[in-house]
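Quick notes on the structure that follows.
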Amino acid sequence: MSLSSAWSISRSVNPPRMVYLDFPLGHTAGRAHDVQSQKAVVMAALRLLEEARDPGSATTLSQRWSNDDAWKDAVMRPRIKADRDGEFDDDRMERFATPQYQESEDADLVTGDCSTCVWLEE
Amino acid sequence: MRQPPIDYIERTREQYAALGYPPYQWVRNQEPLALSIPIKPMHEWRVGLIASGGIYVAGQVAFHFRDDISYREISCDTPTDRIRTTHFAYDLTDSRRDPNVVFPMDTLRGLVRDGTVGELSHCAYTFMGGIYSARKVRDVLAPAIVTRLLRDEVDVALMVPV
């Protein structure tokens, strides 16, 4: 059972069941500090697990991020660099190859082998 | 005005084209995977949770951003204020204020308390969703997590991508 905030990607992957929430990426399981919003998402998933009888069943939630959908306009739209003709600004974050801690202190909390970190052979 | 869902596949194609890269090869499965229908009633389910939003716990090694195919076990009794998020492809502002937006652990714990579901598995599994190689996910990471879920004997599993 998969939640989703990216309809086209999830449809392409084609999970057995999905619950779609039309929110910006980073809110797949509901709105921050909104227990009702979050519970509605997980309950829709549990209900679909209980009720779905056809592979590919999907529920689209009615929750809206805002009264208009203007937030969608700027998402992943390449911008032309202001200072150079015809070149696009690559605003994607660099793919750092070292652990990226939320808090810098987190790095100091790691002691010895992390027994709950599982490293897989490629 | 109401707009249709953002077509992230199309926008990725446009973005890559603008930057001079060939199109990304998205996973395409023509048919949905087969459905396994839960046998027990919902209030008896053991629920498993998998999340790809780069979630780790303070004390664990964080994820890196270059095809990190490792995963973390996160005990389902972990205090929420120890849960962290790291990722290069989404705005982390809200997930760092309230990790439940990408890792609904408090939500699920509430549903256990009120008897909606039976219990949570002993731990959740998390990884870094921005893995460029779909092959590594399909052949290495996904089978490893499935093996764990089967060993945990979960009745249902909830996947939370970002």
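Summary table
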| quantity | calculated |
| --- | --- |
| Residue ID - modelled with the highest pLDDT, chosen from residues in region A:74-122 that are within 24 Å of the chain's Cα centre (by Cα) and more than 8 Å from chain B (Cβ to nearest Cβ) | A:SER104 |
| Spans of strands (runs of 3 or more DSSP E) in region B:45-104 with at least 1 residues within 15 Å of A:VAL118 (Cβ to Cβ) and in contact with a Cys (Cβ under 9 Å, 6 or more places away or on another chain) | B:55-57, B:71-75 |
| Scope region B:1-35; condition surrounded by 13 or more Cβ atoms within 10 Å (Cβ to Cβ), touching a strand residue (DSSP E or B) at 6+ places or on another chain (Cβ under 9 Å) and part of a loop (DSSP other than H, G, I, E, B); matching residues | B:PRO5, B:PRO32, B:LEU35 |
| Residue under evaluation B:ARG82, criteria (1) on the phi < 0 side of the Ramachandran plot; (2) at the interface with chain A (Cβ under 10 Å from one of its Cβ atoms); (3) modelled with pLDDT under 95, criterion not met | (3) |
| Some residue of region A:47-68 being without any contact (Cβ under 8 Å) to a residue 12 or more places away in the chain and of a type in the set (Val, Ile, Thr) | no |
| Selection count, region B:69-103, where residues are aliphatic (A, V, I, L, M), touching a helix residue (DSSP H, G or I) at 6+ places or on another chain (Cβ under 8 Å) and surrounded by fewer than 22 Cβ atoms within 10 Å (Cβ to Cβ) | 1 |
| Options B:ALA144, B:ALA134: the member that is more than 17 Å from A:ARG47 (Cα to Cα) and modelled with pLDDT under 95 | B:ALA134 |
| Residues within region A:1-40 that are within 7 Å of chain B (Cβ to nearest Cβ) and either touching a Cys at 6+ places or on another chain (Cβ under 7 Å) or part of a helix (DSSP H, G or I) (or both), tallied | 7 |
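The values are calculated or read from the model by the stated rules, or taken from the named source; none is laboratory data. On a predicted model such as this, the values are computed, not experimentally measured, just so you know. All Cβ positions, even for glycine, are placed from backbone atoms using ideal geometry, and neighbour counts span all protein chains on display.
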